[in-house]
């Protein structure tokens with residue numbers, strides 16, 4: 001069995017005003033990757049390449065062991081895809097959509113579909129045009145979850161949802177993720193959603209992957225440290241520190257390679273450490289993007 | 001190619017377009033009733049309405065079954081299914097054409113049946129009417145090809161305009177062709193060489209249009 005559900009190797013794609021450059025990452029089977037980036041960062045382009053709908057100009061993509069885009073039809077037999085801009089047929093009912101999907105996927109689980117109808121509070125007989133945005137997202141999610149795909153590709157599925165709908169969608173996703181063979185690729189601007197369900201996180205900015213690691217590693221590596229520099233002491237620049245702010249005696253530094261050795265090194269030079277703060281994923285993302293921009297402009 | 005996906009794709013399009021087809025069939029029946037009356041003005045209106053129904057239904061299907069798929073963002077849903085761009089293209093060509101052939105065949109055959117059963121209309125008109133019917137089919141195929149390749153409403157409208165000009169030109173040519181003109185008024189059906197040559201050219205055009213559509217679609221690197 002192929003242990004990598006998704007594999008991007010040096011993938012590039014150029015548009016007139018945007019370039020996806022040398023994208024490489026892999027997603028082991030059974031893992032959940034949160035793909036975080038701002039608007040226009042390249043998330044949707046990566047997902048379209050992953051689905052075989054946009055062809056990369058350079059590099060290789062394999063999804064569930066199938067080369068993309070050549071074997072997209074074969075790969076999509078085991079993929080469930082929901083994106084923010086995906087719509088169902090307005091004139092048809094949800095029941096018609098369910099029958100349509102059931103006629104395509106032999107793996108369609110009617111009992112699970114019924115369960116999802118109840119937990120998402122949807123009515124099968126209702127026409128799609130009568131559904132709210134949140135209900136439409138839940139309906140699309142129901143259609144992909146009930147055919148039990150090996151790989152779930154979710155492109156900003158929680159965008160525009162109210163807090164209740166978001167909680168219901170994330171709750172159902174968390175249930176789905178208990179299946180250890182199910183792989184999820186989840187793109188979002190909302191770091192809070194990603195933090196809740198992902199075990200791997202990749203940051204993309206301006207068409208480039210700027211960091212990719214498991215969630216725990218991010219949360220352990222990134223710290224904000226408040227320092228006091230006594231008179232006569234100087235703060236030596238350190239490679240682990242990616243940014244610093246403040247003037248005079250009080251300085252706050254941000255590190256992406258936190259370790260007890262770092263604090264010990266500061267203490268040894270006479271610097272007083274006032275606080276060591278853990279960072280949220282959102283703060284890590286913002287600090288990472290800023291650091292990347294500075295590195296590019298330097 | 002995953003041919004097993006073609007059936008659900010065709011069934012889906014039939015389900016979504018069924019009211020369009022029934023609407024045009026109804027309008028076509030009205031046209032046939034008018035064309036069968038004794039009043040010459042009403043007969044002319046009926047004939048014009050019948051041709052208009054066949055042209056408009058082709059345009060309508062090209063727009064509602066292809067352009068609307070992208071315009072209303074249902075294309076990502078279809079392309080999330082286990083289909084490639086080639087299968088999607090084949091599915092759309094087959095589905096849209098089969099759907100279009102329902103009013104085209106029923107109304108076209110009914111029109112021909114009227115000619116054959118009415119003593120006042122010469123049977124020699126049959127080849128002429130067949131050429132017009134097939135040309136309308138060619139024009140539909142042209143609009144479909146343009147719709148699939150460009151997915152632009154403006155280009156589809158342009159294709160329909162070109163199609164209508166070609167239909168008028170063909171009618172003008174047939175009226176000026178001595179062989180066709182003589183046979184049209186005759187009591188027997190004559191398939192002369194000019195008529196047969198035009199028919200071959202029309203069916204070749206259909207094959208060419210679908211071939212070009214497949215070629216262009218398979219070269220696309222950005223489908224969504």
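Annotation for the stretch A:67-108 versus the stretch B:156-224: alpha-carbon center distance of 38 Å.
Here is how the number arises for chain A: DSSP H runs of 4 or more residues each give -39500 (n - 2.57), the sum is divided by the residue count, and the result at 222 nm is -10000 deg cm²/dmol.
Say a paramagnetic label sat at a point 7 Å from the Cα of residue B:25, along Cα to Cβ; which residues of the stretch B:61-75 have their backbone N under 17 Å from it? Correct set: B:61.
Of the residues A:13, A:123, the one with the fewest other Cβ atoms within 10 Å heads the list, and the complete ranking is A:123, A:13. With contributions of -39500 (n - 2.57) from each DSSP H run of at least four residues, the per-residue ellipticity at 222 nm computed over chain B stands at -27500 deg cm²/dmol. Highest mean packing comes first when the peptides A:216-228, A:110-122 are listed by Cβ atoms within 10 Å, giving A:216-228, A:110-122.
FRET efficiency for the pair residue B:110 and residue A:22, taken as 1/(1 + (r/R0)^6) with r the Cβ-Cβ distance and R0 = 60 Å, rounds to 0.45. Rg/Rh for the stretch A:58-162: what does it come to with C-alpha atoms and Rh from Kirkwood? So for the stretch A:58-162, dividing Rg by the Kirkwood Rh gives 1.00. Projected label points at residue A:10 and residue B:120, each 7 Å from Cα along the beta carbon direction, are separated by 8.0 nanometres.
Calculated FRET efficiency, residue A:259 and residue A:162, Cβ-Cβ r, R0 56 Å, to nearest 0.05?
Values: r = 42 Å, r/R0 = 0.74.
Once the sixth-power term is evaluated, E becomes 0.85.
From least to most packed, judged by other beta carbons within 10 angstrom and beginning with the fewest, A:193, A:211, A:199 follow the order A:199, A:211, A:193.
Go ahead and run the numbers for FRET between residue A:231 and residue A:277, Cβ-Cβ distance against an R0 of 25 Å, rounding to 0.05. Write out the running numbers ahead of the final one.
On the way: r = 25 Å, r/R0 = 1.01.
For residue A:231 and residue A:277, the calculated efficiency is 0.50.
Seen against the Cα atoms of chain A and their longest principal axis, helix A:163-176 is set at about 80 degrees.
Cβ-to-Cβ counts within 10 Å put A:61, B:78 in ascending order as B:78, A:61, the fewest first.
The stretch B:77-133 to the stretch A:149-188: how many Å between their Cα centroids? About 45 Å separates the Cα centre of the stretch B:77-133 from the one of the stretch A:149-188.
Peptide A:83-94 has a mean shielding of 4, counted as Cβ atoms of other protein chains within 10 Å of each residue's Cβ.
Taking A:140, A:275, A:102 in turn, the Gaussian network model of chain A (Cα-Cα springs below 10 Å) assigns the largest fluctuation to A:275. Against chain B, whose longest principal axis comes from its Cα atoms, helix B:6-35 is set at around 20 degrees.
Bear in mind that the values in this text are calculations on the coordinates, not laboratory data. What you are looking at is a predicted structure, and each value in this text was computed from that prediction instead of being measured. Every residue, glycine as well, gets a Cβ built from its backbone with ideal geometry; the counts of neighbours run over all protein chains shown.
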